DNA sequence: CGTTCCGGATACATCGTTGCAGAACCGGCG
DNA sequence: CGCCGGTTCTGCAACGATGTATCCGGAACG
């Protein structure tokens with residue numbers, strides 16, 4: 001068996017509780033005693049049993065991260081940064097993939113997964129605010145992304161609308177007038193897609209360019225959907241001189257399809273994306289996109305969640321954090 | 001407070017232990033009793049406390065996954081599949097990023113991380129076999145990847161050498177004779193890179209094409225390193241008509257650099273990679289590569305680890321599993 | 001000199017579950 | 001009728017830590 005506190009106590013000639021006190025930085029311990037305990041710990045190679053500690057204290061030192069699919073580059077990078085940020089503060093991150101399904105999201109919110117964590121970072125895609133509100137327990141929950149924007153919940157996101165507007169302005173400044181949009185969803189106004197679309201329309205309006213619904217295509221935020229959408233536009237004979245993918249995967253899929261069909265990027269059609277995943281820099285041509293300040297998002301969301309867990313943050317209604325963004329002008333839309 | 005077994009017991013009019021027995025599928029329980037307990041559980045919405053269960057049983061139902069960096073596409077996809085495979089069998093996966101550092105790898109092998117998991121999937125990059133052997137505890141450990149191939153350890157990997165040879169043969173069949181290799185490491189023969197390089201040399205030898213060390217460049221397995229390596233070759237005036245990136249990231253970085261410099265792919269230089277990450281399909285041109293049968297790797301490694309945990313697999317020395325591969329011929333090297 | 005106060009350590013209960021041993025009950029058999 | 005073996009259920013201890021209450025001894029105080 002592993003070494004327990006009792007063994008340490010015996011070796012140090014003190015009570016079990018004194019060992020516990022040393023470990024928990026209890027204030028009133030004679031230096032000599034503390035030293036004896038620490039020596040015993042070192043000698044025996046004692047390591048605290050986290051499970052027992054969890055049972056007693058009710059804390060697990062784990063944060064849950066619910067996202068649709070870890071293999072999506074954006075989420076993979078986000079998860080990686082969140083883990084790093086959490087680990088700096090002594091927490092681990094346990095990831096749960098929901099596959100963007102309602103059932104899985106609900107389960108992550110209520111089931112055993114919740115029990116294993118002290119707080120949740122949640123990227124809801126299928127559940128709506130009321131549904132979440134009804135099922136959210138007592139443990140802290142911070143929303144990521146923009147599918148659910150609701151004053152009841154803490155939220156860390158980016159300036160979606162502003163960023164999309166800035167990107168669209170850049171395309172307009174480059175002389176583009178017919179900018180196709182990929183990845184819209186029906187009736188979505190609150191989500192990230194909706195906000196980005198709103199930013200796009202805002203920039204068009206400023207420039208006096210009419211909005212043409214025929215240029216807006218729907219689809220999942222994946223490479224293959226981007227390719228398919230562009231294929232659809234081309235086959236339908238819709239004219240366009242730029243493509244704005246609501247995320248990078250869409251834009252990269254679109255760019256691939258354009259190049260296959262002999263459409264030159266950026267000469268014939270400029271392409272821009274959103275997220276600045278690592279791949280965007282190394283695509284050919286490299287992809288113009290918006291960097292969402294992911295480090296800031298990771299840092300702020302961990303901070304916010306830990307403040308809630310620790311009770312430092314006490315705002316009754318949701319705290320909304322918007323990270324700064326940065327335009328990344330590259331070859332695909334110079 | 002949450003509902004405990006005691007509450008359920010009271011509600012069902014049985015002892016606490018009977019509730020436990022029902023939950024653990026104990027054989028001798030009258031159907032009527034079982035029903036009463038199950039009704040009480042449903043009515044109270046009881047959920048077992050996993051922490052307490054872990055403390056008592058010594059099992060956590062979590063598997064550890066140690067890899068260098070979750071944001072690398074290959075690892076992200078692997079992690080995602082491993083999680084899915086594990087979840088099918090009632091296990092969760094806890095990921096730890098080592099950043100390819102020795103200290104971090106050692107910590108993952110011994111520290112609290114180990115405690116939280118029933119077994120480990122380990123992708124060692126910095127530690128060697130003896131070091132691992134000295135620090136591996138009693139809990140099961142399955143190696144992934146090829147940096148450490150040692151009869152002492154269980155290992156799930158792919159046919160690196162065969163796959164690299166097959167890919168090289170394909171390039172040779174296309175008339176390429178000067179095939180540059182990106183991503184070699186000094187003196188590595190056992191690791192994945194070493195095996196792939198060996199496969200490359202094997203195919204060259206078969207074809208009677210001399211091996212030219214000037215064509216082999218070293219570097220990390222990342223996009224930027226691939227770009228840098230190609231830049232180095234071009235600047236040094238080394239002639240080559242094909243590039244074999246030891247992984248896809250390298251190949252994609254290389255392709256980017258080639259295209260930037262006006263070298264046509266595949267007309268002037270063919271490019272091939274290794275891993276078949278999703279991005280390879282959507283690159284422009286799409287990337288010829290080797291698919292390592294990641295689903296099989298995920299499935300087999302989870303199976304093997306669980307067999308070890310459950311004591312089903314009892315081979316004294318390491319079990320070595322090699323997943324099948326598949327050549328993916330695409331535009332970059334038709 | 002007796003009392004109060006506090007630093008320093010301890011004993012015991014407790015978190016929610018499972019393993020072990022055994023009690024109570026039942027029908028069948030000698 | 002008593003004993004036996006199997007079924008059904010129960011009580012107690014234990015997993016390894018922390019919270020609460022308490023105890024003890026010495027310094028400070030009146």
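The values are calculated or read from the model by the stated rules, or taken from the named source; none is laboratory data. What you see is a predicted model, and the numbers here were worked out from it, not measured in a lab. Please note: Cβ atoms are built from the backbone with ideal geometry, for glycine as well, and neighbour counts cover all protein chains shown.
Computed quantities for the displayed model
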| read-out | value |
| --- | --- |
| Residue satisfying condition, being in the same structural domain as residue B:143 (by TED's automatic domain parsing) and more than 14 Å from DNA strand D (Cβ to nearest atom), within set B:76, B:42 | B:76 |
| Residue in region A:7-14 that is part of a helix (DSSP H, G or I) and touching a strand residue (DSSP E or B) at 6+ places or on another chain (Cβ under 9 Å) present | no |
| Per-region count, region B:57-68, residues facing chain A (nearest Cβ under 9 Å) and near DNA strand D (Cβ under 9 Å from one of its atoms) | 1 |
| Conditions (1) within 43 Å of the chain's Cα centre (by Cα); (2) surrounded by 12 or more Cβ atoms within 10 Å (Cβ to Cβ); (3) part of a loop (DSSP other than H, G, I, E, B): number failed by residue B:27 | (2) |
| Leading residue by the ranking (nearest to the other protein chains (Cβ to nearest Cβ)) among those in region A:1-10 that are more than 9 Å from DNA strand C (Cβ to nearest atom) and surrounded by 18 or more Cβ atoms within 10 Å (Cβ to Cβ) | A:5 |
| Residue B:195 vs. criteria within 14 Å of chain A (Cβ to nearest Cβ), crowded, with 20+ Cβ neighbours inside 10 Å and within 21 Å of residue B:166 (Cβ to Cβ) | no |
| Qualifying residue in region B:38-48 (condition: within 10 Å of chain A (Cβ to nearest Cβ), surrounded by 13 or more Cβ atoms within 10 Å (Cβ to Cβ), out of contact with any strand residue (DSSP E or B) (no Cβ under 6 Å at 6 or more places or on another chain) and free of Cβ contacts under 8 Å to residues at least 60 places away in the same chain) | yes |
| Single condition residue B:21 does not satisfy, out of (1) part of a helix (DSSP H, G or I); (2) farther than 18 Å from residue B:310 by Cα; (3) away from DNA strand C (no atom under 16 Å from the Cβ) | (3) |
| Of all residues making up region B:274-288, the number that are away from chain A (no Cβ under 11 Å) and either more than 13 Å from residue B:329 (Cα to Cα) or in a strand (DSSP E or B) (or both) | 1 |
| Residue A:85 being more than 10 Å from chain B (Cβ to nearest Cβ) and either within 16 Å of residue A:126 (Cα to Cα) or in a loop (DSSP other than H, G, I, E, B) (or both) | no |
| Residues that are more than 10 Å from chain B (Cβ to nearest Cβ) and part of a loop (DSSP other than H, G, I, E, B), drawn from region A:251-273 | A:261, A:262, A:263, A:264, A:266, A:267, A:268, A:269, A:273 |
| Residue check for residue B:71: surrounded by 15 or more Cβ atoms within 10 Å (Cβ to Cβ), at the interface with chain A (Cβ under 9 Å from one of its Cβ atoms) and either at positive phi or assigned to a loop (DSSP other than H, G, I, E, B) (or both) | yes |
| Residue in region A:36-57 that is under 13 Å from the mean Cα position of the chain (by Cα) and at pLDDT 90 or above present | no |
| Among (1) more than 14 Å from chain A (Cβ to nearest Cβ); (2) within 26 Å of residue A:249 (Cβ to Cβ) - the single one residue B:227 does not satisfy | (1) |
| Qualifying residue in region A:228-244 (condition: modelled with pLDDT under 90 and not assigned by TED's automatic domain parsing to the domain that holds residue A:149) | no |
| Lone unmet requirement of (1) within 16 Å of DNA strand D (Cβ to nearest atom); (2) assigned to a helix (DSSP H, G or I) for residue A:35 | (1) |
| Residue within region B:11-20 that is more than 12 Å from DNA strand D (Cβ to nearest atom) and more than 14 Å from every other protein chain (Cβ to nearest Cβ) present | yes |
| Verdict on residue B:48 being in a helix (DSSP H, G or I), farther than 30 Å from residue A:81 by Cα and either within 8 Å of DNA strand C (Cβ to nearest atom) or not assigned by TED's automatic domain parsing to the domain that holds residue B:107 (or both) | no |
| Verdict on residue B:84 being more than 10 Å from DNA strand D (Cβ to nearest atom) and touching a helix residue (DSSP H, G or I) at 6+ places or on another chain (Cβ under 8 Å) | yes |
| Segments classed as strands (runs of 3 or more DSSP E), wholly inside region B:90-191, with at least 2 members that are within 14 Å of chain A (Cβ to nearest Cβ) and surrounded by 23 or more Cβ atoms within 10 Å (Cβ to Cβ) | B:92-97 |
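Here's the yes/no breakdown for (1) closer than 11 Å to residue A:182 by Cα; (2) surrounded by 20 or more Cβ atoms within 10 Å (Cβ to Cβ); (3) touching a residue at least 12 places away in the same chain (Cβ under 8 Å):
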{"residue": "A:216", "(1), (2), (3)": "yes, no, yes"}
{"residue": "A:229", "(1), (2), (3)": "yes, yes, yes"}
{"residue": "A:237", "(1), (2), (3)": "no, no, no"}
{"residue": "A:250", "(1), (2), (3)": "yes, yes, yes"}
{"residue": "A:256", "(1), (2), (3)": "no, yes, yes"}
{"residue": "A:261", "(1), (2), (3)": "no, no, yes"}
{"residue": "A:285", "(1), (2), (3)": "no, yes, yes"}
{"residue": "A:304", "(1), (2), (3)": "no, yes, yes"}
{"residue": "A:309", "(1), (2), (3)": "no, no, yes"}
